[in-house]
Amino acid sequence: MSYNPNAPRSPMGTGTGTSAYDSTTRAASGVQESAAETAESLRDKAEHLAGNVKDKASHLGAQVSEKASHLGAQVSETASHLGSQVSEKASQFGSQVSEKASQLGSTVSDRAGAAVSTVGEQMATLAGTLRENAPPALAPYAERAADGLEAAGTYLQDSTMTEFFDDVTSIVRRHPMPAVLTGVAIGFLLARNTRR
């Protein structure tokens with residue numbers, strides 16, 4: 001059989017490799033999209049986790065501060081009736097409560113930082129797995145996706161909670177509408193998942 005360049009081509013392919021190329025391109029595009037979605041999902045989860053931890057720490061700190069303030073006021077009133085010795089003891093107690101509240105806030109912040117760092121480590125591990133298991137035809141796309149995962153993972157591992165929150169705040173200020181829409185979407189998903 002001889003090759004005729006003017007002959008019509010079959011849509012199923014003629015063995016020239018066009019269909020294999022198209023399949024490889026579609027598969028590569030699918031892997032790249034999947035990796036991007038995974039990276040975005042992990043980034044969203046990390047941001048959500050950090051936001052929840054910050055909110056809980058702030059709420060807990062406010063409750064402890066309010067209760068300490070209330071307790072301090074009661075003790076101060078009693079102390080004024082009993083004399084300066086009781087007043088001195090109340091002041092010491094208030095200082096201890098404040099110190100404990102500060103330590104608790106620090107512990108919560110440290111745990112949140114560890115959680116974010118763990119997410120970063122998992123993203124870096126996923127990047128390595130993606131590089132190792134990608135088919136040779138998809139290697140360039142897998143490498144690009146792995147680089148993105150690795151960069152995001154390194155950022156999460158190396159950033160302090162303060163830097164992380166500052167970066168999130170900066171992003172929200174520069175892009176308020178996408179941030180609001182993202183918040184609404186996350187709220188919707190959380191509400192939907194908690195109903196089940």
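The values are calculated or read from the model by the stated rules, or taken from the named source; none is laboratory data. Note that the coordinates shown come from a computational prediction; the quantities given were computed from them, not determined experimentally. Because the Cβ atoms are built from the backbone with ideal geometry, glycine has one as well, and the counts that use them run over all protein chains shown.
Please work out which residue is surrounded by the fewest Cβ atoms within 10 Å (Cβ to Cβ), limiting yourself to the stretch 35-56 and to residues that are of a type in the set (A, V, I, L, M) and farther than 24 Å from Leu130 by Cα.
Top of the filtered list is Leu49.
Taking the residues in the stretch 126-141 that are modelled with pLDDT of 80 or more and crowded, with 18+ Cβ neighbours inside 10 Å as candidates, determine which candidate is farthest from the chain's Cα centre (by Cα).
Among those that are modelled with pLDDT of 80 or more and crowded, with 18+ Cβ neighbours inside 10 Å, it is Leu138.
Restricting to the stretch 147-183, count the residues that are among the hydrophobic types (A, V, I, L, M, F, W, C) and over 28 Å from Asp110 (Cα atoms).
2
Pick out the one residue from Lys89, Lys56 that is at pLDDT 65 or above and over 17 Å from Gln103 (Cβ atoms).
After ruling out the rest, the residue left standing is Lys89.
Of the numbered conditions (1) surrounded by 14 or more Cβ atoms within 10 Å (Cβ to Cβ); (2) at pLDDT 70 or above; (3) not β-branched (Val, Ile, Thr), Ala79 fails exactly one; give the number of that condition.
(2)
Restricting attention to the stretch 35-47, report how many residues are modelled with pLDDT of 75 or more and either basic (Lys, Arg) or farther than 15 Å from Arg111 by Cα (or both).
Qualifying residue count for the region: 7.
Among the residues of the stretch 153-165 satisfying the criterion of being surrounded by 14 or more Cβ atoms within 10 Å (Cβ to Cβ) and out of contact with any Asp or Glu (no Cβ under 9 Å at 6 or more places or on another chain), which is farthest from Thr118 (Cα to Cα)?
Result: Phe165.
Regarding Val172, is this residue surrounded by 13 or more Cβ atoms within 10 Å (Cβ to Cβ) and farther than 16 Å from Thr38 by Cα?
yes
Condition check: under 14 Å from the mean Cα position of the chain (by Cα), part of a helix (DSSP H, G or I) and loosely packed, with under 15 Cβ neighbours inside 10 Å. Does Ala191 satisfy that?
The answer is no for Ala191.
Got at least one residue in the stretch 12-21 being surrounded by 11 or more Cβ atoms within 10 Å (Cβ to Cβ), at pLDDT 70 or above and not aliphatic (A, V, I, L, M)?
Within the stretch 12-21 (the criterion being surrounded by 11 or more Cβ atoms within 10 Å (Cβ to Cβ), at pLDDT 70 or above and not aliphatic (A, V, I, L, M)), the answer is yes, since at least one residue qualifies.
Every residue in the stretch 155-196 that is at pLDDT below 75 and of a type outside the set (A, V, I, L, M), please.
Arg196
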